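Structure first, commentary second.
Readers should treat all values here as calculations from the given coordinates under stated rules, not as data from a laboratory. Fair warning: this is a prediction, and the values are worked out from it, not measured in the lab. Heads up, the Cβs are rebuilt from the backbone with ideal geometry, glycines too, and the neighbour counts pull from every protein chain shown.
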Amino acid sequence: MTDYRAAAATEAVYGLAEGILWDDREQLARWVDISSGRVLAAELRGGRLHTVQDIAIGQTAGAVGLADDGGLVVAAARGLATISVLGE
């Protein structure tokens with residue numbers, strides 16, 4: 001039997017963080033904070049998440065997904081929203 005130990009991955013506190021996924025295109029963890037209507041992304045370094053992107057969409061956000069064009073699709077309170085991820 002394998003034993004696992006959970007530890008906090010971030011110092012930040014969120015109202016209702018949900019739907020984390022791994023974006024293999026950008027090597028980022030992505031998730032939503034539902035109640036604040038934010039779509040977040042973080043780098044995973046040393047077992048910790050370091051936020052690199054925090055996008056407020058102006059309405060509650062239920063989930064985030066990866067779009068074929070390199071952007072994101074968000075299940076928002078008033079429909080589906082898209083976010084273009086611009087290169088640096």
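Structural remarks
- Charged side chains reduced to their Cβ positions (Lys and Arg at +1, Asp and Glu at -1) give the chain a dipole of some 220 debye around its Cα centre.
- Furthest towards positive pole of dipole, 1, 52, 82, structure part the chain, Cβ charges: 1
- Extents of the stretch 1-43, largest first, come to 40, 27, 17 Å (Cα atoms, principal axes, whole angstrom).
- Intensity falloff of the chain expressed as log10 I(q)/I(0), Debye formula with alpha-carbon point scatterers, at q = 0.17 Å⁻¹: -0.70
- Label point 7 Å beyond Cα of residue 75 along Cβ direction - residues of the stretch 10-52 with amide nitrogen under 11 Å: 19
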